[in-house]
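Reviewing the structure listed below.
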Amino acid sequence: MALCLASCAVHTPVPTDTLLQDLKTRSSAALSAHVNEFNAYKDRPSSDGPFNASNNIAFLKANIPLFISSDDQINKVYNYRWWMISKHLKEYDDPYDQKKYWVVTEFFGVKPWASLSGAITCPAGHQFYDVRWLRDPKYLQSYADYFMQGSPSKLNQRENGNFLTYLSRPESHHFSSWMIDGIDAYLKVHPNKQWMHNLLPHMERHQQVWDSLFTVKKPGSATNGMYKILDLYDGMEFSLSAVLGLIASKGAYSLYTPENWKNYYLGWGTTDRAAASLQARAYPMAYRKGYPDFYLVRPSVNSYAYANLRALANLWRLDTAAAPEIRNRKAESYAAKATALQVKVMDVLWNKQDQFFNTRSAGDNRFGIRDYEARVRESVGYTPWYFNMIPANSPERFGRAWDMFASANGFQHHAGMTTAERQHPYYNEQAYAWNGRGWPFQNSVVYKAYANYLRNYKKEITAADKELLYAYISKLAVMHGSDQLNIGEWYIPSNGTEFGGEKDYFHSTFPDIIIEDLIGFRAAHASNFSIQPLLPESKWDYFYLGNIRYHGRNIDIAWKKDWNPELPGNQSGLLVWVDGKLAAQSKMLNRRLHVSLR
């Protein structure tokens, strides 16, 4: 069935069948108790779909990976986040193609900046990474169909007070996203070659829209061929990199100066002042309702594009239903495009002096300075690691960027991670902006990026490395509260005690942070997987992660310190079951276990 590496094989003298059943029972009982508590919360948005207090316990027990550990806070937050996710699974009858879809919402209800179903592209990448772990694959498969070939791929985003741009594009491209990569990640958990084959042309067209509308087209420009975006449509309404570029600009954006920029680009109330300025009257096309039409070449959107291109290459390689010559040509073409973009990001956005990936202004901006490098470290600079974009042959060239993750001058703060380096003079965590204030969206990006850096690039993972990741995850869990749990839009990193903004808001991940980043369940297209926890050995006495449906098989994982204290020696061990049979085990918590399903 499956074998552990010989170097870590042990024979734990414990009744594993009884043990596994006990863990399943305890985790299931904890889930029921938690969901009953969540269902009793007052003043919470009602469900967008069919799962509510009348049926959500049954739905969650049947579908989510069960989890329990010796950390009660993380246990409860994990179950809360699945409860929250269940409220965002929505059935939608699309009047444009007369088809029914499952979609995943972000806000509750249908916002004017959403697609007509209420689903929004901005958090879709995160939603794919969380929802892929549901045992029933129909929800995410239908969601992918909706955005890739349903009405959002054909209907232009409608004009409204929140549009704030002159660029007409489909609903599926209203915000940046890494949805094709998300589909790739989903297929690693729930393979479906025929569905993948049928969807591939639609995924190609999805990427072609990004290529045609969101790439810099200025021969000779440093950023030529790279991907550009407005702050707003990268899901980050106001950033310091945009501020620095606007201040460096003349003409239409001479409005912005070191002394007064906060009056015009720091939260939604400030754009009204910009709209009334002399510059906005003189250059009406440079602003939309006071929001500058100033495109940026950011590490975020370029990493998303790289991931989508790489995913297309991977999926074409897997498409055995296609003719070999077509399959090979497509895979090679997308792989070459991904590599070319990877080289550009490493050469153009990496600043050797800052030891960080910085943002530049687009080289074809109609207004404002072009190819300007903003010398500020922002958390989006970590996005390349989220997608393992760093070249494998030069990991040490870029690793110093993570020094700022652990530094009080950088992104570390008492209550959580900041979105801009604290030492920058424009740092501001109080404004509704990404100038320092904490956003769970970015926690989800950076924590996976750091986990990937440790596993895939760092020569040696130290105890301090694991402690740092765990401390950040724990702070995020604590921010959910202790009385009535909640996930919102933002928090104050210096002294925050709860999230602000929307409640039960699906704009970030948490189950995936536990499953893939902390415990280290790494899915693959091949019939195997690996487990490599980054959990500090001193933190948990035990954990269980099970009820995982993977490649049509049932997977359970457990770690416990000294399974049988009555026996001499250390009986600690990491155990993996496949379809209820013990398949692999290791005495070492942090040693990588490879498990084959063949």
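Which of the residues spanning segment 235-248 are in a loop (DSSP other than H, G, I, E, B) and within 13 Å of residue 274 (Cβ to Cβ)?
The one that is in a loop (DSSP other than H, G, I, E, B) and within 13 Å of residue 274 (Cβ to Cβ): 238.
Kindly check whether there is at least one residue in segment 163-174 that is in a loop (DSSP other than H, G, I, E, B) and among the β-branched types (Val, Ile, Thr).
Pass one, segment 163-174, residues in a loop (DSSP other than H, G, I, E, B): 163-169, 174.
Okay, now just the ones that are also among the β-branched types (Val, Ile, Thr), so 165.
Yes: segment 163-174 contains one or more residues that are in a loop (DSSP other than H, G, I, E, B) and among the β-branched types (Val, Ile, Thr).
Can you tell me which of (1) touching a residue at least 60 places away in the same chain (Cβ under 8 Å); (2) in a helix (DSSP H, G or I) is the one residue 294 doesn't meet?
(2)
Collect the residues in segment 162-215 that are farther than 17 Å from residue 331 by Cβ and of a type in the set (A, V, I, L, M), keeping them in residue-number order.
Residues satisfying the conditions are 164, 167, 179, 185, 189, 209, 213.
Yes or no: residue 317 more than 19 Å from the chain's Cα centre (by Cα), in a helix (DSSP H, G or I) and closer than 13 Å to residue 184 by Cα? Outline the logic, then answer.
Values: more than 19 Å from the chain's Cα centre (by Cα): yes; in a helix (DSSP H, G or I): yes; closer than 13 Å to residue 184 by Cα: yes.
The answer is yes for residue 317.
I'd like the residue in segment 146-187 that is closer than 18 Å to residue 293 by Cα and among the aromatic types (Phe, Trp, Tyr) and, out of all such residues, is farthest from the chain's Cα centre (by Cα).
Taking the candidates together, the pick is 166.
Can you tell me which condition residue 164 does not meet? The list is (1) aliphatic (A, V, I, L, M); (2) within 13 Å of residue 101 (Cβ to Cβ); (3) modelled with pLDDT under 95, and all the others hold.
Evaluating residue 164 over (1) aliphatic (A, V, I, L, M); (2) within 13 Å of residue 101 (Cβ to Cβ); (3) modelled with pLDDT under 95 leaves (2) as the failure.
Between 222, 144, 114, which is of a type in the set (Gly, Ala, Ser) and either in contact with a strand residue (DSSP E or B) (Cβ under 8 Å, 6 or more places away or on another chain) or in a strand (DSSP E or B) (or both)?
Numbers: 144 fails: either in contact with a strand residue (DSSP E or B) (Cβ under 8 Å, 6 or more places away or on another chain) or in a strand (DSSP E or B) (or both); 114 fails: either in contact with a strand residue (DSSP E or B) (Cβ under 8 Å, 6 or more places away or on another chain) or in a strand (DSSP E or B) (or both).
Matching residue, one of 222, 144, 114: 222.
Filter segment 559-598 down to the residues that are hydroxyl-bearing (Ser, Thr, Tyr) and part of a strand (DSSP E or B), then identify the one that is modelled with the highest pLDDT. Give the derivation first.
Initial filter on segment 559-598 (hydroxyl-bearing (Ser, Thr, Tyr)): 572, 586, 596.
Add one more test, that the residue is part of a strand (DSSP E or B), and what stays is 586, 596.
Working: 586: 93, 596: 97.
Top of the filtered list is 596.
Among 450, 426, 382, which is at pLDDT 95 or above and assigned to a loop (DSSP other than H, G, I, E, B)?
Criteria check complete, one pass: 426.
One residue is enough: does segment 275-290 have a residue meeting the conditions under 23 Å from residue 159 (Cα atoms), in a loop (DSSP other than H, G, I, E, B) and among the charged types (D, E, K, R)?
yes
Any idea which of 401, 322, 331, 338 is among the hydrophobic types (A, V, I, L, M, F, W, C) and part of a loop (DSSP other than H, G, I, E, B)?
Details: 401 fails: part of a loop (DSSP other than H, G, I, E, B); 331 fails: part of a loop (DSSP other than H, G, I, E, B); 338 fails: part of a loop (DSSP other than H, G, I, E, B).
Of the residues listed, the single one that is among the hydrophobic types (A, V, I, L, M, F, W, C) and part of a loop (DSSP other than H, G, I, E, B) is 322.
I'd like to check something: does segment 537-558 contain any residue that is over 25 Å from residue 475 (Cα atoms), part of a loop (DSSP other than H, G, I, E, B) and modelled with pLDDT of 95 or more?
Yes.
Filter segment 409-463 down to residues that are under 22 Å from residue 519 (Cα atoms), of a type in the set (Ser, Thr, Tyr) and either touching a Lys or Arg at 6+ places or on another chain (Cβ under 7 Å) or surrounded by fewer than 19 Cβ atoms within 10 Å (Cβ to Cβ) (or both), then give me how many there are.
From segment 409-463, those under 22 Å from residue 519 (Cα atoms) are 416-417, 440-463; that's our starting set.
If we keep only those that are of a type in the set (Ser, Thr, Tyr) as well, we get 444, 447, 450, 453, 457, 462.
Checking the rest, the ones that are also either touching a Lys or Arg at 6+ places or on another chain (Cβ under 7 Å) or surrounded by fewer than 19 Cβ atoms within 10 Å (Cβ to Cβ) (or both) come to 457, 462.
Matching residues across segment 409-463 total 2.
Just to be sure before I move on: is residue 549 of a type in the set (Lys, Arg), touching a Lys or Arg at 6+ places or on another chain (Cβ under 7 Å) and within 29 Å of residue 177 (Cβ to Cβ) in the structure I sent? Walk me through how you get there before you give the answer.
Values: of a type in the set (Lys, Arg): yes; touching a Lys or Arg at 6+ places or on another chain (Cβ under 7 Å): yes; within 29 Å of residue 177 (Cβ to Cβ): yes.
Judged against the criteria, residue 549 is a match.
For the structure I just gave you, tell me whether residue 242 is farther than 24 Å from residue 421 by Cα, crowded, with 19+ Cβ neighbours inside 10 Å and among the small types (Gly, Ala, Ser). Please lay out each step first, then the result.
Values: farther than 24 Å from residue 421 by Cα: no; crowded, with 19+ Cβ neighbours inside 10 Å: yes; among the small types (Gly, Ala, Ser): yes.
When the stated conditions are applied, residue 242 does not pass them.
Looking at 200, 164 in this structure, which one is within 28 Å of residue 436 (Cα to Cα) and touching a residue at least 60 places away in the same chain (Cβ under 8 Å)? Full working, then the answer.
On the way: 200 fails: within 28 Å of residue 436 (Cα to Cα).
Criteria check complete, one pass: 164.
Provide a single number: the residues in segment 263-289 that are touching a residue at least 40 places away in the same chain (Cβ under 8 Å) and either among the basic types (Lys, Arg) or farther than 19 Å from residue 432 by Cα (or both).
5
Among (1) surrounded by fewer than 17 Cβ atoms within 10 Å (Cβ to Cβ); (2) among the acidic types (Asp, Glu); (3) in contact with a strand residue (DSSP E or B) (Cβ under 8 Å, 6 or more places away or on another chain), which single condition is residue 516 missing?
Evaluating residue 516 over (1) surrounded by fewer than 17 Cβ atoms within 10 Å (Cβ to Cβ); (2) among the acidic types (Asp, Glu); (3) in contact with a strand residue (DSSP E or B) (Cβ under 8 Å, 6 or more places away or on another chain) leaves (1) as the failure.
Of all residues being hydroxyl-bearing (Ser, Thr, Tyr) and more than 21 Å from the chain's Cα centre (by Cα) in segment 220-239, which is surrounded by the most Cβ atoms within 10 Å (Cβ to Cβ)? Just the residue, please.
223
If you scan segment 565-589, which residues turn out to be closer than 25 Å to residue 463 by Cα and among the basic types (Lys, Arg)?
Scanning segment 565-589 gives a single hit, 587.
Considering every residue within segment 277-289, establish whether at least one is modelled with pLDDT under 95, in contact with a helix residue (DSSP H, G or I) (Cβ under 7 Å, 6 or more places away or on another chain) and in the same structural domain as residue 256 (by TED's automatic domain parsing).
yes
The values are calculated or read from the model by the stated rules, or taken from the named source; none is laboratory data. Quick caveat: nothing in here was measured; it's all calculated off a predicted structure. Neighbour counts run over all protein chains shown; Cβ positions are idealised from the backbone, glycine included.
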